[in-house]
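Have a look at the structure below before the remarks.
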Amino acid sequence: MFRGEIYAYPLYLQNKLANKPITFFAMDVTCKYWPYLNKVAKSCPELQHLLDMKPFLSVFHAKAHDFKCEVKWSGAYQQGAGLTLGEEVEQCNAFLSRIAVTTKHMSKAGRTDMLTLMAMRWNQQNLITWLLHLPADIRRPQKGWKAGFRTWRS
Ligand SMILES: [Zn+2]
């Protein structure tokens with residue numbers, strides 16, 4: 001596979017998401033991808049809008065890159081990125097990997113059910129954590145929140 005082909009997949013996905021209000025484009029190899037994107041955007045002006053997103057090198061992956069790369073591209077130093085890691089898929093996979101020892105002995109249906117339950121647990125845990133970290137004035141329940149919560153739980 002040629003390097004251009006490797007970056008064509010993220011380019012395709014980025015272009016698919018480009019109509020949404022996205023500030024950062026997080027990736028494990030942003031430092032390699034972004035120069036490629038600049039080159040492609042020069043040749044294809046219709047992709048110029050992709051450069052409006054800010055390149056964001058995943059925080060933990062940046063630690064494995066050289067120091068200059070980390071300083072220039074890491075999301076940890078991006079204005080407005082907050083404490084986002086850019087490793088959200090890895091975090092979910094790490095959570096789900098806990099059950100790998102047991103699910104490998106299950107039937108396909110049992111494994112699917114267990115993974116579904118764990119994915120629901122992951123979402124619930126994230127929602128609760130997210131709610132607890134909201135500022136108090138935003139956390140105040142809005143009218144009709146109970147009905148919304150019941151719908152979400154079912
Ligand atoms: Zn790098």
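Quick note: the coordinates plus some simple rules give every number you see, no bench work behind them. The structure presented is a predicted model; accordingly, all values stated were derived computationally and were not measured. No Cβ is skipped: glycine too gets one built from the backbone with ideal geometry, and neighbour counts run over all protein chains shown.
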*In vacuum, with every alpha carbon of the chain counted as one equal point scatterer, what does the Debye formula give for log10 I(q)/I(0) at q = 0.19 Å⁻¹? Two decimals, please.*
-1.17
*Tell me, what is a quarter of the convex hull surface for the C-alpha atoms of the range 22-74, in nm² with one decimal?*
3.5 nm²
*To the nearest 0.05, what FRET efficiency results for residue 88 and residue 6 with a Förster distance of 30 Å applied to their C-beta separation?*
0.90
*Above-threshold pairs, the threshold being 27 Å between Cα atoms, out of 39/72; 42/68; 16/42; 63/104; 20/68; 54/143*: 63/104; 20/68; 54/143
*Of 127, 64, 40, which is farthest on the positive side of the dipole of the chain, counting Cα position, with +1 on Lys and Arg Cβ, -1 on Asp and Glu Cβ, and the Cα centre as origin?*
127
*Dipole magnitude (debye, nearest 20) for the range 73-154, charges at Cβ of Lys, Arg, Asp, Glu*: 520 debye
*Mind listing the long-range amide H neighbours of residue 74? Cut-off is under 5 Å, sequence gap 5 or more, other chains count too, H placed in the peptide plane at 1.01 Å from N.*
57
*With charges set only on the Cβ (+1 for Lys and Arg, -1 for Asp and Glu), what does the dipole of the range 1-86 come to about its Cα centre, in debye to the nearest 20?*
80 debye
_If the only charges are +1 at each Lys and Arg Cβ and -1 at each Asp and Glu Cβ, what is the size of the charge dipole of the chain around the Cα centre, to the nearest 20 debye?_
540 debye
*Evaluate the relative contact order of the range 39-112 (contact order divided by residue number), counting alpha-carbon pairs under 8 angstrom at least 6 apart; express in whole percent.*
20 percent
*Taking 0.36 nm per residue of separation and subtracting the Cα-Cα distance, what length does fully extending residue 60 through residue 114 add?*
16.6 nm
*Hey, what angle do you get for helix 30-43 against the long axis of the chain, alpha-carbon based, 0 to 90 degrees rounded to 10?*
60 degrees
*asked:* Show me, for the range 47-63, the HN-Hα J-couplings you get by feeding each phi into the Karplus relation (A = 6.51, B = -1.76, C = 1.60, θ = phi - 60°), rounded to Hz, glycine and proline as x.
replied: 9, 4, 5, 5, 6, 5, 6, 8, x, 9, 7, 3, 4, 6, 5, 4, 5
*asked:* Along the Cα→Cβ direction, 7 angstrom out, place labels at residue 41 and residue 131. What is the inter-label distance in nm?
replied: 4.0 nm
*Taking the chain and dividing mean pair separation by its residue count, relative contact order in percent (alpha carbons under 8 Å, at least six apart)*: 15 percent
